[in-house]
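This report concerns only the one structure given below.
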Amino acid sequence: MHPHPPHGKASSFKEHFLHFFMLFLAILGGAFAENLREHNLERTKEQDYFKSLIIDLNEDITNIDNIIKLKNIKVNQSEQLIDLFSGFNLDSNSKNIYYFSRLLTQRDNFHGAEGTIDQLQYSGGFRLIESDSVVNSINKYIGTKSKIYKLSEAENDILINYRIAASKIFVAKIFSSMLNANKNKGYSYFIKPLDINPPFFSKLPEHINSIVFWVSSENGNQYASIALLEKLKAQALDLKKLLEKEI
């Protein structure tokens, strides 16, 4: 008989190493597959955010165009009103003064579509966006919107003071009767122009000066709002193009 060298320990080591290596590969492969799955899910979610944001931007752009038109009309009316108050024939122009002054109490504020941006800000959506350019562009857009909203808040204060000044000049009953949502559906803001020149409650110079001051303040707010809205529209168009390239 020829003796054979023992192989038990060597075979056992090789088997354990092979089992360990196979297990390591399985774990590594599983981790890689899970990471790939999560990455694909995140990219899908990112794309969903981009598509949703484009819809919101389109809505904002339409809204911006409409608000700019209305604000430009109001600026023109305000300037006419200042000219009328600065003239010497207040009584013969009182129906126009009443009409423009009544229109000025109405507000045309921009309200953006906030659904997708709120999700990005408050649901951790920003972490899913890989492009720094997209993140920076969205943040700039949010910043400009915030400035527009602050101007809207300032307009509230201006119009409160304007109404106080108006109450000292106009006959309240006449001023109130001009607005009727049921009867005046064909008129802007449901405010119908007067057919005759009604009297004023007061024509004291200090009262006239006060209301002209607040009309001018409102006009300045409108100009500032228009400028920011035009900037916001340009940012919306740029952001939309950027998102479309990412999809």
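The values are calculated or read from the model by the stated rules, or taken from the named source; none is laboratory data. These numbers were taken from a predicted model, which means no experiment stands behind them. In this analysis, Cβ positions are derived from the backbone assuming ideal geometry, glycine residues included, and neighbour counts consider all displayed protein chains. To get the accessible areas, we keep the full protein, side chains included, count just its heavy atoms, and leave off ligands, DNA and RNA. Shrake-Rupley method; radii C 1.70, N 1.55, O 1.52, S 1.80 Å.
Starting from the Cα of Ile73, move 7 Å in the Cα-to-Cβ direction to define the label point; list residues of the range 109-150 whose amide nitrogen is under 13 Å from there. Inside the label zone: 109.
Toward the positive end of the charge dipole of the chain, with +1 on the Cβ of Lys and Arg and -1 on the Cβ of Asp and Glu, the farthest Cα among Asn89, Leu159, Leu120 is that of Asn89.
For the chain, a Gaussian network of Cα nodes joined below 10 Å ranks Asp83, Asp60, Asp195 by mean-square fluctuation, and the top entry is Asp195. If I compute solvent accessible area with a 1.4 Å probe over the protein chains, what percent of it on the chain is carbon and sulfur? Percent of accessible area from carbon and sulfur atoms in the chain: 59. For the listed residue pairs Lys150/Lys185; Lys74/Lys183; Lys69/Lys150; Lys145/Lys168; Lys95/Lys168; Lys51/Lys71, the alpha carbons are over 28 angstrom apart in Lys150/Lys185; Lys145/Lys168; Lys51/Lys71. Peptides 99-106, 166-173 ranked from most to least packed by the mean count of surrounding Cβ atoms within 10 Å: 99-106, 166-173.
Within the listed set Ser131, Ser152, Ser225, the residue fluctuating most in the Gaussian network model of the chain (springs between alpha-carbon atoms under 10 angstrom) is Ser131.
Where only DSSP H runs of four or more residues are counted, the chain gives -26500 deg cm²/dmol as its mean residue ellipticity at 222 nm, each run worth -39500 (n - 2.57).
With the simple spin-label model, which puts each label point 7 Å out from Cα in the Cβ direction, the Asn161 to Val212 separation comes to 1.7 nm. I want to verify a result. In a Gaussian network model of the chain, Cα cutoff 10 Å, which of these has the top mean-square fluctuation: Ser94, Ser86, Ser210? Its mean-square fluctuation being the largest, the pick is Ser86.
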